[in-house]
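**Student:** Got a structure for you, written out below as structure tokens; questions coming shortly.
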Amino acid sequence: MVESNQENNEIRGFAVLINSILTPLNENKRFQDKFQNVSSRILLNASNLKYAALIVIDHGFVRVESILNKPKENLKKRKIGWNAFLEMDTQTFLAIAMNRLSLLGVAKKWLTGKVKMRGIRKLLILLKMFKFLTIYNE
């Protein structure tokens, strides 16, 4: 099993940022209703940092684990069991988060090899999750 810091519940590195962004979804009733039948594991790896973030969506509840990304064996699908994988440098992640990079820009980076994606259909779940972060509760 991968060292996922689950034993000591300490989230480290890039996973801390992702956790702080996604944690409010656990209190959103509309999100819980929409994702009540979804069970998925999405691995986000900022290639220039020490830890990757594994987003676990479990029937309307989101949690994030940190995974040491060196050696690369720690990020293998067989070892972690992710459904989708997204890897890019931190600047690209931040550009997407701040809406400075569109989906077309991400596609260009994917074609040039600066962004790596696996399980693209499952990554659409992540986009749907981000939409819930921009919708205000009524």
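The values are calculated or read from the model by the stated rules, or taken from the named source; none is laboratory data. Because the structure is predicted, anything quoted here is derived from the model rather than measured. Cβ: placed from backbone, ideal geometry, glycine included. Neighbour counts: every protein chain shown.
**Student:** Checking GLU27 against (1) farther than 21 Å from GLY119 by Cβ; (2) in contact (Cβ under 8 Å) with a residue 24 or more places away in the chain; (3) not aliphatic (A, V, I, L, M), which single condition isn't satisfied?
**Tutor:** Against the list (1) farther than 21 Å from GLY119 by Cβ; (2) in contact (Cβ under 8 Å) with a residue 24 or more places away in the chain; (3) not aliphatic (A, V, I, L, M), GLU27 comes up short only on (2).
**Student:** Continuing with this model, one more query. Taking only segment 77-93 into account, find how many residues are surrounded by 14 or more Cβ atoms within 10 Å (Cβ to Cβ) and within 24 Å of GLU10 (Cβ to Cβ).
**Tutor:** Residues flagged as surrounded by 14 or more Cβ atoms within 10 Å (Cβ to Cβ) and within 24 Å of GLU10 (Cβ to Cβ) within segment 77-93 amount to 6.
**Student:** If you scan segment 24-36, which residues turn out to be charged (D, E, K, R) and loosely packed, with under 14 Cβ neighbours inside 10 Å?
**Tutor:** Just the residues of segment 24-36 that are charged (D, E, K, R), to begin with: 27, 29-30, 33-34.
The answer is GLU27, LYS29, ARG30, ASP33.
**Student:** Considering (1) of a type in the set (D, E, K, R); (2) farther than 21 Å from THR134 by Cβ; (3) modelled with pLDDT under 90, say which one GLU87 fails and leave the rest.
**Tutor:** It fails just one condition, (3).
**Student:** I'd like the residue in segment 122-138 that is without any contact (Cβ under 8 Å) to a residue 12 or more places away in the chain and over 19 Å from THR23 (Cβ atoms) and, out of all such residues, is surrounded by the fewest Cβ atoms within 10 Å (Cβ to Cβ).
**Tutor:** Our first condition is that a residue be without any contact (Cβ under 8 Å) to a residue 12 or more places away in the chain; within segment 122-138, this holds for 124, 127, 130-131, 134, 136, 138.
Remaining after also requiring over 19 Å from THR23 (Cβ atoms): 124, 138.
Working: LEU124: 11, GLU138: 4.
Ranking the candidates gives GLU138 first.
**Student:** Tell me the helices (runs of 4 or more DSSP H) entirely within segment 1-101 that contain at least 1 residues that are touching a Gly at 6+ places or on another chain (Cβ under 7 Å).
**Tutor:** Qualifying helices (runs of 4 or more DSSP H): 29-34.
**Student:** Can you find even one residue in segment 37-60 that is farther than 22 Å from ILE11 by Cα and loosely packed, with under 12 Cβ neighbours inside 10 Å? Step through it out loud before you land on a result.
**Tutor:** Step one: filter segment 37-60 for residues farther than 22 Å from ILE11 by Cα, giving 37-38.
From what is left, the residues that are loosely packed, with under 12 Cβ neighbours inside 10 Å are 37.
Yes, segment 37-60 contains a residue that is farther than 22 Å from ILE11 by Cα and loosely packed, with under 12 Cβ neighbours inside 10 Å.
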